[in-house]
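Right, one structure below, let's go through it.
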Amino acid sequence: MKSMEEGRLPSRPRGAALDEALEKMGNILGELVDGGIFPWVAEGRRPSEDESYRASTIVADRLCGSQANPIIRNAQEERQLTEIGGWLEARGYSRNPPGVRFNEMEPGTFSFRLNVPVEGETGSRINLPVDAVVMPGGATEGDMPLLIEAKSAGDYANTNKRRKEEATKFAQLRRKYGTQTRYALFLCGYFDGSYLGYEAAEGIDWVWEHRLDDLAEFGL
């Protein structure tokens, strides 16, 4: 595939093996082709100039979106964590140095992008990355820190596709650490009642970025 995208056939395989591989690839692509964008494929004809231009424009837009969206989400997440960090530091919290584990945190400290170990479905140990982990200033020995996921969305459709991710992560955390697990979402963007209702039904609370002081309701 990579060779063909560069305008050449792969050096291996050749002859009948190459024909067989290309035929398999063609069959798969044929099943995936969107008939609304490429109507000429099913009709067995060449596209008109307008059809070709329209299809290439749609594909280019989707490709651009698929590459830009992760960049935008990462930038949004970085900005959200900066907001959380600034809010905590203004209240006397300090950021932990790298290497501090979530169960070693002192009261009044926080960490970003910390791995929290849980058990997978097969019983194997896996690390769940958590965006922000905060140990309240009034915590006592044995208390769990507050785990915060930074979430941003540019449209409603995308949030409904991703809403199960948080519920699955929270379920894994509760299975490992019990009902004392505290998990919240830090939201920015398009999150509608359907998304919020789903998360609430799973026992997940949230804070809106424009209501940053609501973090105090978690004992911070």
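Of the residues making up the range 66-120, those that are loosely packed, with under 12 Cβ neighbours inside 10 Å and more than 23 Å from GLU209 (Cβ to Cβ) are SER66, GLN67, PRO97, PRO98, GLY99, GLU104, GLU106, GLY120.
Of all residues in the range 180-190, none are closer than 27 Å to PRO70 by Cβ and of a type in the set (Val, Ile, Thr).
Going by the structure shown, is GLY137 within 23 Å of VAL207 (Cβ to Cβ), modelled with pLDDT of 85 or more and part of a loop (DSSP other than H, G, I, E, B)? Considered against the rule, which asks whether it is within 23 Å of VAL207 (Cβ to Cβ), modelled with pLDDT of 85 or more and part of a loop (DSSP other than H, G, I, E, B), GLY137 comes out as yes. Among the residues of the range 123-134, those identified as over 19 Å from GLU165 (Cα atoms) and either without any contact (Cβ under 8 Å) to a residue 12 or more places away in the chain or assigned to a loop (DSSP other than H, G, I, E, B) (or both) are GLY123, SER124.
Within the range 88-104, the set of residues being under 21 Å from PHE186 (Cα atoms) and either in a loop (DSSP other than H, G, I, E, B) or touching a residue at least 24 places away in the same chain (Cβ under 8 Å) (or both) comprises LEU88, ARG91, GLY92, TYR93, ASN96, PHE102. Do the conditions hold for LEU187, that is, is it within 23 Å of ASN96 (Cα to Cα) and touching a residue at least 12 places away in the same chain (Cβ under 8 Å)? Taking the combined requirement at face value, the residue does not satisfy it. Checking each residue in the range 11-51 for being more than 31 Å from the chain's Cα centre (by Cα) and small (Gly, Ala, Ser) picks out SER11, GLY15, ALA16, ALA17, ALA21, GLY26, ALA42, GLY44, SER48.
The values are calculated or read from the model by the stated rules, or taken from the named source; none is laboratory data. What you see is a predicted model; the values in this text were computed from it and never measured. Note that each Cβ is placed from the backbone with ideal geometry, even for glycine, and that neighbours are counted across all protein chains shown.
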